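Step one of this worksheet: look at the structure below.
Derivation of every value follows stated rules applied to the coordinates shown; laboratory data play no part. Keep in mind that what you see is a predicted model, and the values were worked out from it rather than measured. Cβ: placed from backbone, ideal geometry, glycine included. Neighbour counts: every protein chain shown.
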Amino acid sequence: MKRKLKVSKAIIYAFGALLIALYVVLFTGRVTDPATEQTRWTWFTPNGLQSFRLGMDVSWGVRLTYKVDFSKYAQQYATIEELSAMKKNALNIIKNQIDKRVSVLGVSDYQAYTKSIDENDYIIVELGGVHSLEQAKDIIGKTVELEFKLAFDETRDDSSAAREQRKSLVSAVLQDVQANPDSFAQLGQGKQSDDVYYQEFLGQSIETLPVFFSNNAALLSSMESGQVSDAISGVFHTSYGYDQEGALTSTSLEGHTIVKFIGKEEKKIEKVSLAKVQSVANINNLSLTTTEVLWTQEIAPQTFRYDQTKSQIVHNNGQVLTGVLWYNIDIYAQPKESLIGKSDEEIAAINEAAAVLTNEVVAAVQAGQEVTVEGVQQLSDSWLGDADIKGVIPSFVVSGDSVQTFDTLQQIFVVKVKQTKQPQDELYTITTINEVTNNNVDKISEELQTELLISAETIFIKDTPSWVAAVDPETKEVLNGAYFKQARLDTTQGTPTVAIDFDDKGKLIFCRITKAHIQEQMAIFVGGVLQTAPTIQDEICGGTAIINGQESVADARSVIDGLNEWALPAPLILANEEKVSPSLGERALTASLIAGAIGLFVIFLMLWAMYGHRKATVGILVLLMFLVYLMAFLKVIDYAVSLSGIAAILLSLGMGIDANILIFERVREELKNGKRMKAAIDTWYARSWNPIFDGNFSTFFIALFLVGWGLWVFKWFGTVMILTILLILLINVPVTKHLLHLFFQRKKDYMNDK
């Protein structure tokens with residue numbers, strides 16, 4: 001009578017886990033939204049097998065070409081040899097940093113190499129198995145440049161040479177943006193240390209834009225969407241304020257502006273301001289006449305006529321409404337941190353902090369209390385004319401609210417109008433547009449009644465530098481991120497500061513620079529943003545620079561993390577991106593899978609010939625279970641399957657069957673010694689577990705070494721080896737034991753009677 005078949009709990013658990021693993025392999029995976037390129041894990045998809053991430057050598061990959069911007073160094077090295085040596089060192093640093101960044105993406109196939117084209121240096125990065133191309137571009141191309149600069153001094157620095165360098169910089173930036181208009185923002189950001197400023201303006205009237213726009217209104221009106229202008233010299237922006245005596249003051253930024261025109265939109269307006277009349281006159285190259293008269297009557301807006309005898313466009317009663325009333329007004333100014341070069345997250349944080357301060361000021365003004373908010377200055381508490389107010393706040397209008405806020409490029413104004421003087425008692429500004437003809441009167445009348453909203457991006461390059469590179473007075477080498485070693489937190493001064501450590505060569509350069517420039521300012525820029533600009537009190541030869549001014553440990557750690565993770569000696573500019581075909585082709589993947597299937601069949605035949613059909617079935621069944629478990633793990637960890645990875649998987653099959661052969665041979669020896677099958681199985685498990693464990697454990701350390709310190713191509717190879725070893729020890733060996741008991745328990749010689 002045959003024995004009743006007994007299935008152990010271990011077999012039930014193993015096959016239960018097998019069903020779960022099969023479900024993971026066949027019906028789960030990561031899917032990518034083609035619109036947003038955002039990747040998410042899904043617990044059910046009918047295309048589970050297609051959800052495996054494929055490497056570049058078996059599927060399509062991407063090639064990113066980055067231009068390394070060495071333009072700022074071209075004028076800072078005495079000889080071509082010195083410049084070439086600096087570039088070589090910087091390129092090695094950048095390649096090593098890209099290696100670290102790519103590891104965050106979890107790709108299996110990757111290579112980076114340098115190339116020189118037309119005297120420009122490029123780094124080409126090829127990636128396979130990338131879920132999100134945008135994420136890859138953000139991580140690889142992110143640059144936090146560390147720069148050390150000294151204040152520009154006309155008595156020490158060559159002003160004419162500096163201006164020539166500025167012209168060269170303007171030409172280089174112009175060439176880049178005209179060649180790559182889609183990268184306009186990237187090419188203009190992160191260069192404040194070179195007095196290069198990027199700004200985006202969306203849907204703003206010329207009157208509220210920097211003065212550059214009104215001065216060049218005719219040019220802007222003729223530009224097409226996406227067009228990039230030449231570099232235009234002149235004033236970019238004029239900021240206004242009041243001095244201690246209450247007099248209106250102005251400061252102008254002069255330099256060169258490059259514009260990328262996005263588009264324009266027109267809408268009708270109900271009130272004409274002086275700034276509007278001035279911009280219309282500028283667009284049409286006409287002059288203005290301004291007089292002051294007593295206000296005697298209400299003037300209806302938007303009714304114009306042409307005075308042919310005087311060649312003027314005037315209001316229906318002889319005036320264009322541009323001046324307004326006098327107001328008894330309180331004005332509070334809150335400085336506004338520049339948004340130039342900031343990320344979306346940084347802009348949101350800055351705006352949120354500004355809104356909190358503004359709300360405090362508004363609450364105090366509404367309550368009639370003294371405003372004590374730090375950094376907020378009261379500009380006026382007296383009578384001012386409308387024209388004077390609009391000189392500071394171009395968008396100023398009076399509404400029904402008692403307290404209003406106005407946002408400009410550099411400040412937020414909180415305004416309270418306490419009293420308005422009666423019109424009939426006040427002087428009024430009358431502005432007339434001269435030199436109007438019958439041919440353009442209708443056009444100008446239309447322009448006066450229409451507001452033109454401009455959307456554009458600008459790159460402004462100041463005509464004189466504020467800072468110059470810190471150069472070793474002996475070797476003429478520039479102190480920059482190439483000598484950066486690490487950033488760390490320093491609290492020895494009682495407040496959180498960022499300590500920057502240089503390597504041995506950087507330590508000497510920093511020492512000589514500080515020795516030569518005692519009592520001068522040295523600025524430290526991180527990612528083009530000024531972090532600190534202390535005065536050098538004495539030579540510093542310890543090899544450490546200090547960035548102070550952080551309000552908290554969290555702020556200091558943010559700077560430290562940015563430097564340690566993203567610091568590069570020169571910025572990267574994405575010049576080109578393209579898809580690349582597989583290096584060996586999808587046919588190689590198919591051939592590899594066929595080879596693997598043939599290998600499994602040959603292994604089964606070999607086991608059958610050597611050990612019989614039962615042991616062969618156990619061996620191949622364990623091997624298939626092992627393979628399913630392995631594929632499930634690879635999918636969960638998002639492993640990108642490449643040919644090298646497939647080779648590791650096929651090798652893992654060999655390692656798995658190797659353990660089974662050791663088991664079967666040990667069982668055979670025990671049977672030769674006269675033991676029954678049950679005893680032979682139990683004996684090999686008791687005596688062979690340690691040797692199997694020791695052999696695999698030594699291989700585990702080799703795999704661990706490949707993952708931690710091996711070349712990039714071996715890292716995922718080592719990962720598969722580690723998974724293989726764990727599966728062999730935790731799954732293969734125990735399951736083989738229980739399956740042998742299951743397959744042989746009905747044989748007559750199974751029980752051990754000795």
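Computed from the Cβ-Cβ distance with R0 of 45 Å, the FRET efficiency linking Phe44 to Ala354 stands at 0.45.
Taking packing as the residue-averaged number of other Cβ atoms within 10 angstrom, the listed peptides 367-374, 484-491 run from highest to lowest as 484-491, 367-374. Potential lengthening of the chain between Lys579 and Val235 amounts to 119.5 nm, from the contour at 0.36 nm per residue minus the alpha-carbon distance.
The order of the peptides 216-225, 277-286 by mean Cβ neighbours within 10 Å, most packed first, is 277-286, 216-225. Quick note on region 471-565: its Rg to Rh ratio, both from C-alpha atoms and Rh being the Kirkwood radius, is 0.95.
When the C-alpha to C-alpha distance is required to be over 28 Å, the pairs from Lys167/Lys260; Lys260/Lys476; Lys87/Lys167; Lys390/Lys443; Lys416/Lys443; Lys115/Lys137 that qualify are Lys260/Lys476; Lys416/Lys443. From most to least packed by mean Cβ count within 10 Å, the peptides 720-729, 495-504 give 720-729, 495-504. Eigenvalues of the alpha-carbon gyration tensor of region 586-744, scaled by 5 and square-rooted, set the equivalent ellipsoid semi-axes at 30, 19, 12 angstrom, largest first. Taking the Cα centre of region 471-565 as origin and assigning +1 to Lys and Arg Cβ atoms and -1 to Asp and Glu Cβ atoms, the resulting dipole is close to 100 debye.
Could you pull out the pairs from Lys579/Lys635; Lys67/Lys88; Lys191/Lys462; Lys267/Lys336 whose alpha carbons sit more than 18 Å apart here? From the list (Lys579/Lys635; Lys67/Lys88; Lys191/Lys462; Lys267/Lys336), the Cα-Cα distance tops 18 Å for Lys579/Lys635; Lys267/Lys336.
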